[in-house]
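Please treat every number below as a calculation from the coordinates, not as lab data. Because the structure is a prediction, the values reported are computed rather than measured. Here the Cβ is made from the backbone with ideal geometry for all residues, glycine too, and neighbour counts use every protein chain on show.
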Amino acid sequence: MQPQINTILLIGQCTLQWGRMEFGNIGNYYILEPLVREIHKAFPGANLQTTFQLSDEFCKREKIQCLPMDLYYGYSGDDLESTKKELKLVKETLESNKSACGISPFVDEVLKSDLVIDFSGDIWGDNANFLGKDRFEVGLLKDLIAQTLEKPTVMIAGSPGPFSNKNTKSLAQQVYRKFRVVTNRESISKELLENEGFDVSRTYDCACPAFLFEPTHGTQSADVVARLRNLAKGKPIVGLVVCGWNFSSGPFDRWPREDDEFVAFANIAKALLDQGAFVVCMSHSNGFDVPPSPFRLKQGRDFPIAQRVFEITKNKLKNPNLYLLEDILLPGEIKSVIGALDFLISGRVHAAVAGMSQAVPTAILDYGHEPKAHKLKGFAKCVRMDRCVIDPSSPSAPYSISNLFSNRKQIQKELKNEIPNVKKLAIENFNIIKNSL
C-alpha cells in the first residue's frame with residue numbers, strides 16, 4: 001500500500017535569491033511551472049514547500065510555499081561548516097535515540113516532510129560551484145541529512161555531472177546510492193554516471209518537464225510575431241540565440257568580449273541570409289533589479305551578445321534582412337514567438353526545447369568551453385535530433401546549419417511525430433517517483 005504523502009519538500013541547486021526565479025533564467029521557468037503542476041497531479045492534496053525563491057503571485061497560483069533560502073544555502077561563507085555540523089548533530093541524536101527536532105530549521109522541515117525531492121538540473125556536479133562557494137558539497141550534505149533521517153529522497157529531471165573533485169565525487173556516489181529513484185531528462189547522463197562508477201540501478205531516462213510548458217499567446221507576443229512577419233515580407237524567419245557558453249573561451253559571463261569572438265556567429269547568420277532568410281538576433285534570458293530596488297524586468301545577460309552579433313553582422317553585410325529583437329518578453333510570450341519561427345538556431349538548450357516542442361526545426365549550438373554540458377546532445381538525442389547539434393567554432397558550422405535549414409520541412413515532420421512521445425517521457429518523471437514509494 002502506498003504511504004500517504006501529506007507534505008513534500010522540494011530542494012536543489014537551482015535555488016536562487018531574491019524571490020524572482022521565474023523572472024530570470026527563462027529555461028528554469030520552462031521547467032519549474034510544469035514540474036510543480038505535475039507534482040500536484042502525482043500527489044493530489046499534498047502540501048508542497050520549497051527553498052526555491054519565487055514570487056508571491058507564483059506561489060499563490062501554483063499552490064506552493066516558499067521557505068527561507070538559507071535553510072538550504074545562505075551565501076554566508078560558512079555554509080559548508082554549518083551544514084557539516086548539522087549532519088553531525090543529526091547522526092549523534094539518532095544514535096542516542098533522541099528526537100532531531102530543533103537541530104536546525106532545515107532539519108525541522110525535513111522531519112515534517114513525507115518526501116524530499118532534489119531538483120538540481122545540470123548543476124548537480126561541478127557547475128553548482130559557479131553559484132557559490134562549496135555549493136555542490138553543501139547540497140549533497142542536505143540530501144544526506146534527509147536520507148539519514150530516513151525520509152524518502154528522490155532526484156528528478158537532472159543532467160548530473162561532471163565531477164572533477166574526487167572527494168566530492170565520492171560523497172556524490174554515496175548520496176546517489178541512497179536516492180529511492182533518480183530520473184534524468186536525457187539518456188547520456190546515465191551512461192556518464194555509470195562510467196563514473198555511480199550505481200544506476202534505480203536510474204531512469206525520461207525527458208525534461210520543459211517539453212510540457214505551454215506558450216502564452218497574448219497581445220505582446222502577437223504584436224512581435226506580426227512585426228516580424230511584416231518585416232520579413234514572406235521570407236522564412238530564423239531566430240538566432242547565442243549565450244556566453246557558446247564562445248570558445250570562458251568564463252560564460254565574461255564581458256565585454258573582442259569583436260573577433262563573434263565572427264563564428266556572424267558567419268552562421270550570413271549563411272542563412274545568403275539562403276534568403278530573415279534572421280532575428282534574440283535573447284533567451286531576462287533580468288531584474290534586485291531588492292531593495294523596486295522590481296523592474298529588464299534584459300538579461302544574453303541580450304548584449306545578441307546585440308553584438310547583430311551589429312557586427314550588420315556592419316559587415318549591410319543586409320536589411322537582419323533584425324535585433326529588443327522586446328522583453330516573459331517565458332510564455334517568448335515561447336509563443338519562437339513557435340512562429342520557420343527555423344531556430346539556439347545555443348540555449350531550453351530555447352531549443354521551446355522550438356522543438358512546437359515542431360520548429362532547430363539547430364542546437366554546442367557549448368564551446370569547459371565545463372561542457374552533455375545535456376545539449378542528450379536533449380537532441382531524446383528528440384532523435386542528434387544531427388542537429390553543431391559546434392559553432394567549426395569552419396563547417398555555417399554549411400551544416402544551412403543544410404539543416406534546407407531540410408527544415410523534413411525536420412519539422414520528424415518533430416511532429418516525435419514530440420508526443422517526448423511529452424509522455426516527461427510525464428514519466430512523476431509516475432516513476434510516485435510508484436517508487
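Using a/c under 1.5 as the rounded threshold, could you call the chain rounded, prolate or oblate? The axes a ≥ b ≥ c are square roots of the C-alpha gyration tensor eigenvalues, and prolate needs a/b larger than b/c, oblate otherwise. Since a/c reaches 1.5 and a/b is larger than b/c, the shape of the chain is classed as prolate.
Mean sequence separation of contacting Cα pairs (under 8 Å, at least six apart), scaled by the length of the chain, corresponds to a relative contact order of 17 percent. What does the charge add up to near Gly218, with Lys and Arg as +1, Asp and Glu as -1, over the other residues with Cβ less than 15 Å from its Cβ? Every neighbour counted, the sum reads -2. Taking a virtual spin label 7 Å from the Cα of Arg384 along the C-beta vector, which residues in the range 332-348 bring their backbone nitrogen under 13 Å of it? From the range 332-348, the list is empty. Only the Cβ atoms of Lys and Arg (+1) and of Asp and Glu (-1) were treated as charged; on that basis the dipole of the range 219-420 about its Cα centre amounts to roughly 520 debye.
At full extension, Leu89 and Phe130 could sit 11.9 nm farther apart than now, given 0.36 nm per residue minus the alpha carbon distance. Charged side chains reduced to their Cβ positions (Lys and Arg at +1, Asp and Glu at -1) give the chain a dipole of some 1040 debye around its Cα centre. Taking amide hydrogens as placed 1.01 Å from N in the peptide plane, the amide H of Asn47 sits under 5 Å from those of Thr7, Ile8, each at least 5 positions away in sequence or on another chain. Backbone geometry of the range 177-191 corresponds, through the Karplus equation with coefficients 6.51, -1.76 and 1.60 at θ = phi - 60°, to 3J(HN,Hα) couplings of 4, 8, 5, 4, 8, 10, 10, 9, 8, 6, 8, 5, 4, 4, 4 Hz, x marking Gly and Pro.
Taking amide hydrogens as placed 1.01 Å from N in the peptide plane, the amide H of Ile123 sits under 5 Å from those of Ser159, each at least 5 positions away in sequence or on another chain.
Restricting attention to the chain, close to 10% of DSSP beta bridges with both partner residues there are antiparallel. Toward the positive end of the charge dipole of the chain, with +1 on the Cβ of Lys and Arg and -1 on the Cβ of Asp and Glu, the farthest Cα among Asn28, Val337, Gln307 is that of Val337.
Across the alpha-carbon set of the range 350-437, the Rg to Rh ratio works out to 1.05, Rh being the Kirkwood radius.
For the range 7-205, the Kirkwood estimate of hydrodynamic radius, built from reciprocal distances between every pair of different alpha carbons, is 17.0 Å.
Overall, the range 7-205 carries a charge dipole of about 320 debye about its Cα centre when +1 sits on the Cβ of Lys and Arg and -1 on the Cβ of Asp and Glu, all other atoms neutral.
Evaluating 6.51 cos²θ - 1.76 cosθ + 1.60 at θ = phi - 60° for every residue in the range 253-264, the Karplus couplings come out as 9, 5, 7, x, 10, 6, 4, 5, 6, 9, 4, 4 Hz, glycine and proline recorded as x.
Ordering of 61-73, 365-377, 24-36 by packing is 24-36, 365-377, 61-73, highest average first (other Cβ atoms within 10 Å, averaged per residue). Rounded to the nearest angstrom and listed largest first, the equivalent-ellipsoid semi-axes of the range 139-235 from its Cα gyration tensor are 41, 16, 12.
Just check the range 70-121 against the gyration tensor rule for me: Cα atoms, a ≥ b ≥ c as the square roots of the eigenvalues, rounded for a/c under 1.5, and otherwise prolate or oblate depending on whether a/b exceeds b/c. It comes out oblate by the Cα gyration axes. Anything over 22 Å Cα to Cα? Flag those among Lys169/Lys424; Lys112/Lys166; Lys372/Lys416; Lys151/Lys434; Lys316/Lys409, in the order listed. Checking Cα-Cα distances, Lys169/Lys424; Lys112/Lys166; Lys372/Lys416; Lys316/Lys409 exceed 22 Å. Counting 0.36 nm for each residue step from Glu150 to Asp327 and taking away their Cα separation leaves a gain of 58.8 nm.
Residues in the range 364-370 carry Karplus couplings, in order, of 9, 7, 6, 6, x, 9, 6 Hz; the curve used is 6.51 cos²θ - 1.76 cosθ + 1.60 with θ = phi - 60°, and Gly or Pro positions show x.
Which distance in Å, rounded to a whole number, links the C-alpha centroids of the range 51-75 and the range 174-244? Spelled out, the Cα-based centre of one part sits 23 Å from the other. Per residue, the chain reaches -13500 deg cm²/dmol at 222 nm when only DSSP H runs of four or more residues are counted, each adding -39500 (n - 2.57).
Full extension of the chain segment joining Lys318 with Glu194 gains 39.5 nm, where the gain is 0.36 nm per residue of separation less the Cα-Cα distance. Here the label points at Tyr399 and Glu414, each 7 Å from Cα along the C-beta direction, are separated by 2.0 nm in the simple model.
Of the residues Val263, Pro105, Pro291, the one whose Cα sits farthest towards the positive end of the charge dipole of the chain is Val263 (charges of +1 on Lys and Arg Cβ, -1 on Asp and Glu Cβ, taken about the Cα centre).
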